[in-house]
1. Quick one: 3J(HN,Hα) in Hz for the stretch 86-100, Karplus 6.51/-1.76/1.60 with θ = phi - 60°, rounded, Gly and Pro as x.
2. Using θ = phi - 60° and the Karplus curve 6.51 cos²θ - 1.76 cosθ + 1.60, what whole-Hz ³J(HN,Hα) does each residue of the stretch 158-165 get, with Gly and Pro shown as x?
3. Run the quick spin-label model on R71 and A144: label points 7 Å from Cα toward the beta carbon, then report their separation in nm to one decimal.
4. Fully extended, how many nm does the chain gain between I54 and M11 (0.36 nm per residue separation, minus their Cα-Cα distance)?
5. What is the magnitude of the charge dipole of the chain about its Cα centre, with +1 placed on the Cβ of each Lys and Arg, -1 on the Cβ of each Asp and Glu, and no other charges, expressed in debye to the nearest 20?
6. When Lys and Arg each count +1 and Asp and Glu each count -1, what net charge do the other residues less than 9 Å away from K56, Cβ to Cβ, add up to?
7. Would you mind getting me the FRET efficiency between E108 and E132? Use the beta-carbon distance for r and R0 = 51 Å, nearest 0.05.
8. Given labels modelled 7 Å from the Cα in the Cβ direction, how far is it in nm from N34 to D174?
Amino acid sequence: MDKPIAIIGAMDEEVEELRESLTDRGPVCTPLPNLPLSTGNLGRQAVVVCRCGIGKVNAAMATQYIIDQYRPTAIINSGIAGGASKKMQIGDIVLGTSSMQHDFDLGEFGRPRGIIPRLPTSVFQGDPNLLEVAFHAARDMLPAGKVHQGLIVTGDQFIGSKEKKEEILEFFPDALCVEMEGAAIAQVATANEVPHLIIRAISDLADDSAPQDFEQFITKIVPVLNRILARLLIRWVNRTRSARHSANR
């Protein structure tokens, strides 16, 4: 297959509709346990769709495996998240201009929360070209106030209390949402110099009602997110082909 874009989600609920939408679909057996992959096309774009499993370690393993095996031109982490900022409402879309790990803590050594020693950066930047295309794709479907760009923070915790959310915001006041895989995918993508983007739909507000809201809204929100992804890929293919045409003139 042509070099694909990889789309990684943590749960079956986040990727099943995408898998079913693939043309020329083929499931792939992998040596990693419980890592279902499917290859195929979404529109005119070759893709690898992966359900990585929940949490940072699962996400990192899946990302490195996909990079090694498929050499993707870009990686998109798609899924749901809890709203951290007061700006967030259920159903909003967040595009990650950057991401950090909110649960990485070496405060006992005087390190700020989220800073990983001996790395060039602990703030992983979303690809600006993917961000631009994703923003316009989201705005094709949603009002301006429902589409946000900013910091996404990741940790191996489901945030379901007001107290825990406020603790995270104390250290990461600019965080728009919290989730459990994005910054790990971003870290691996950055280390391999693969462009990436985290795109998340808000399923709850990371407060005391989060578990109930998560269960109630996930099936309503993911289809909207997937339609945005489809539009993103159309725009990306058009942009890429236009750039190739200009380069060959």
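Taken together, the values in this text are just the output of simple stated rules run on the coordinates, not laboratory data. As the structure is a prediction and not an experimental result, all values here were calculated from the model. Using ideal geometry, Cβ is built from the backbone for each residue, glycine included, and neighbour counts are taken over all protein chains shown.
1. 5, 6, 7, 10, 4, x, 5, 10, 10, 9, x, 5, 7, 8, 9
2. Rounded to whole hertz, the list is 7, 8, x, 8, 4, 5, 5, 4.
3. Simple spin-label model gives 4.3 nm for this pair.
4. 14.8 nm
5. That gives the chain a dipole magnitude of about 1260 debye.
6. Details: positive: none; negative: D103, D156, E181.
Spelling it out: positives minus negatives among the neighbours equals -3.
7. Plugging the Cβ-Cβ distance into 1/(1 + (r/R0)^6) gives 0.80.
8. The modelled label-to-label distance comes out at 3.6 nm.
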